[in-house]
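**Q** The structure follows.
The values are calculated or read from the model by the stated rules, or taken from the named source; none is laboratory data. Everything numeric in this text was worked out from a predicted model, so none of it was measured. Neighbour counts run over all protein chains shown; Cβ positions are idealised from the backbone, glycine included.
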Amino acid sequence: MHRLHALDIATGPGFLTDWATKDSVTFTGASSPEPKSTAEILAAHDAGAAQAKSNISSIGDANLGKMWEFKTPDGKTVMTMPKAALLRTLALNHIYHHRGQLSVYLRLLDVPVPSIYGPSADEGPAGM
């Protein structure tokens, strides 16, 4: 399960910013396959980061105010928001949430938490 969360974090930015390149997305309920190795997760991260940069560049400032819809398989719209809000709430805030979960897993496993937004408490007082 921990590897699946890591894969979600690795692929999330590319996957979610891809939604903003479209005017609507239909929920399919498909789940991610369980990653087989750390190398697979790291490669997915690099690909996801590159995809996110490309997606955001292709959306451009002019399209950030354009509305986006999330639909159920039967075509019912369950969420509508500007593409800028989609990028902020799902592509960024949602990933922060998963990174927080992953840091809790690391703590529970007695694994030092790496720097995420600056030095972590595991790196000594105030990162010194």
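**Q** Scan the range 1-58 residue by residue and report those that are out of contact with any Asp or Glu (no Cβ under 8 Å at 6 or more places or on another chain) and polar (S, T, N, Q).
**A** Passing the criteria: 11, 17, 21, 26, 28, 31, 37, 38, 54, 57, 58.
**Q** Sort through 46, 23, 18 and tell me the only one that's of a type outside the set (Phe, Trp, Tyr) and within 12 Å of the chain's Cα centre (by Cα).
**A** Values: 46 fails: within 12 Å of the chain's Cα centre (by Cα); 23 fails: within 12 Å of the chain's Cα centre (by Cα).
Checking each option against the conditions leaves just 18.
**Q** Kindly establish whether residue 25 is assigned to a strand (DSSP E or B) and free of Cβ contacts under 8 Å to residues at least 60 places away in the same chain. Show your work before the answer.
**A** Details: assigned to a strand (DSSP E or B): yes; free of Cβ contacts under 8 Å to residues at least 60 places away in the same chain: yes.
So residue 25 passes the test.
**Q** Go over the candidates 82, 73 one by one and state the one that is surrounded by fewer than 12 Cβ atoms within 10 Å (Cβ to Cβ), over 23 Å from residue 116 (Cα atoms) and out of contact with any helix residue (DSSP H, G or I) (no Cβ under 9 Å at 6 or more places or on another chain). Can you show your working first?
**A** On the way: 82 fails: surrounded by fewer than 12 Cβ atoms within 10 Å (Cβ to Cβ).
After applying the criteria, what remains is 73.
**Q** Now for a different question. With respect to residue 108, is the statement that it is at pLDDT 85 or above and surrounded by 14 or more Cβ atoms within 10 Å (Cβ to Cβ) true? Let's see the steps before the verdict.
**A** Working: at pLDDT 85 or above: yes; surrounded by 14 or more Cβ atoms within 10 Å (Cβ to Cβ): no.
For residue 108, the condition - at pLDDT 85 or above and surrounded by 14 or more Cβ atoms within 10 Å (Cβ to Cβ) - is not met.
**Q** Restricting the first residue to the range 39-65 and requiring it to be over 15 Å from residue 11 (Cβ atoms) and in contact (Cβ under 8 Å) with a residue 12 or more places away in the chain, which pairs with a second residue that is among the hydroxyl-bearing types (Ser, Thr, Tyr) and surrounded by 12 or more Cβ atoms within 10 Å (Cβ to Cβ) meet a Cβ separation below 7 Å and a spacing of at least six or different chains?
**A** The qualifying pairs are 56/17; 58/21; 59/21.
**Q** Which of the numbered conditions does residue 48 fail, given that it passes all the others? Conditions: (1) farther than 14 Å from residue 95 by Cβ; (2) of a type outside the set (Val, Ile, Thr); (3) surrounded by 13 or more Cβ atoms within 10 Å (Cβ to Cβ).
**A** Tallying (1) farther than 14 Å from residue 95 by Cβ; (2) of a type outside the set (Val, Ile, Thr); (3) surrounded by 13 or more Cβ atoms within 10 Å (Cβ to Cβ), residue 48 fails exactly one: (1).
**Q** Would you confirm whether any residue within the range 79-87 is within 18 Å of residue 45 (Cα to Cα) and outside any loop (DSSP other than H, G, I, E, B)?
**A** Taking the range 79-87 first, the residues within 18 Å of residue 45 (Cα to Cα) are 87.
With outside any loop (DSSP other than H, G, I, E, B) added as a condition, the list becomes 87.
Yes, the conditions are met somewhere in the range 79-87.
**Q** Just checking, does the range 114-124 include any residue being in a loop (DSSP other than H, G, I, E, B), closer than 18 Å to residue 13 by Cα and at pLDDT below 80?
**A** The initial filter retains those residues of the range 114-124 that are in a loop (DSSP other than H, G, I, E, B), namely 114-120, 124.
Checking the rest, the ones that are also closer than 18 Å to residue 13 by Cα come to 116-117.
Now drop any that are not at pLDDT below 80, which leaves 116-117.
Looking through the range 114-124, at least one residue is in a loop (DSSP other than H, G, I, E, B), closer than 18 Å to residue 13 by Cα and at pLDDT below 80.
**Q** State yes or no: is residue 35 in a loop (DSSP other than H, G, I, E, B), surrounded by 15 or more Cβ atoms within 10 Å (Cβ to Cβ) and either touching a strand residue (DSSP E or B) at 6+ places or on another chain (Cβ under 8 Å) or touching a residue at least 12 places away in the same chain (Cβ under 8 Å) (or both)? Outline the logic, then answer.
**A** Values: in a loop (DSSP other than H, G, I, E, B): yes; surrounded by 15 or more Cβ atoms within 10 Å (Cβ to Cβ): yes; either touching a strand residue (DSSP E or B) at 6+ places or on another chain (Cβ under 8 Å) or touching a residue at least 12 places away in the same chain (Cβ under 8 Å) (or both): yes.
Judged against the criteria, residue 35 is a match.
**Q** If you go through the range 66-98, how many residues are farther than 17 Å from residue 56 by Cα and at pLDDT below 90?
**A** Taking the range 66-98 as the starting set, the residues that turn out to be farther than 17 Å from residue 56 by Cα are 69-80, 96-98.
From what is left, the residues that are at pLDDT below 90 are 96-98.
Final tally of qualifying residues: 3.
**Q** Another question about this same structure. For the structure I just gave you, tell me whether residue 76 is of a type in the set (D, E, K, R) and in contact with a Gly (Cβ under 8 Å, 6 or more places away or on another chain).
**A** Working: of a type in the set (D, E, K, R): yes; in contact with a Gly (Cβ under 8 Å, 6 or more places away or on another chain): no.
Answer is no for this residue.
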